[in-house]
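In what follows, a structure is listed as structure tokens, so that the remarks can point back to it.
Nothing in this text is a laboratory measurement; each read-out follows from the coordinates by a stated rule. Note that the structure is predicted; figures quoted are calculated from it, not measured. Neighbour counts run over all protein chains shown; Cβ positions are idealised from the backbone, glycine included.
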Amino acid sequence: MFGINFNRLVTATAVIAICCGTSFAAPAKMGMHKMTKVSAKKTNLVHKGKAAKIEQPEQNLSEEELFAMALESKHISKDGSTLTDTRDGKIYKVEIRGDKAWMKNNLSFSLSTPKQCLLEDEGNCKKFGRFYSHNEASKACPSGWHLPNDGEWRDYQKDQSKLDWNNLGKGGCKDWDGYCEGDNTGHYWSASKVKKNTARSWEFRSAGRSINRTDESLSKGLYVRCVADLR
């Protein structure tokens, strides 16, 4: 009673296809779609293979060659002693500490007026570098260099026997309409912010060879020492 005549079923299906325009090519299209995905995967693998081959030469470089490339990319001399700021041609002494390069002079790139100088004297800008608000300091370093954060400053000053106190502890700061003592103190921004409307700063006192770590108003004028990652 419930037997099925398969010949009739096939015939009926064919009639429906002819009358209604139904296409039975979908499974074939699905198959092609799957094949396309597979091809795409193969293509990606090929591209990845090419990328790996391109990177391979750098992986074969020696530590000395990689270090030389890092120095060149930061515009540091081959002997690692000076940085040339390509924006204005000024040259700064540099010291290598582990995998970082530090400027040994305060940044002197001009962003505004003589008000960036101690006592608004351009001669002091040449001698001590320029004062920057924290906003200015965050964008003042050359390409590839950055304003050190609080952690980087902590690492920098750990071995105080290596610090150039007469260099670090001079030039003071710009405090509103006045100036900090310039003969025995130097004040520097870090990139770190802890309290609202302030940023972490470091004060080096050359006379007593002491260091103060404070939070200063973002508008205050402090010096900048830029640092670069060599790895």
Dipole of the range 156-231, positive direction: furthest Cα of L218, L168, S192, with charges on the beta-carbon = S192
Treating cross-link reach as a plain straight distance, find the aspartates and glutamates whose alpha-carbon is under 15 Å from the alpha-carbon of K78, omitting any fewer than eight places away in the same chain.
-> E63, E64, E65, E95
Other residues with Cβ under 14 Å from the Cβ of S206 give, with Lys and Arg +1 and Asp and Glu -1, a net charge of -1
Which whole number of Å³ per residue matches the convex hull of the alpha-carbon atoms in the range 65-229?
-> 107 Å³
Quick one: which of 66-74, 100-108 comes out on top by average Cβ neighbours within 10 Å, and what's the full order, highest first?
-> 100-108, 66-74
Each residue of the range 59-69 in turn: what ³J(HN,Hα) in whole Hz from Karplus with 6.51, -1.76, 1.60 and θ = phi - 60°, glycine and Pro shown as x?
-> 5, 8, 6, 6, 4, 5, 5, 5, 5, 5, 5
Exposure-ranked with fewest Cβ neighbours within 10 Å first, L147, L83 stand as L147, L83
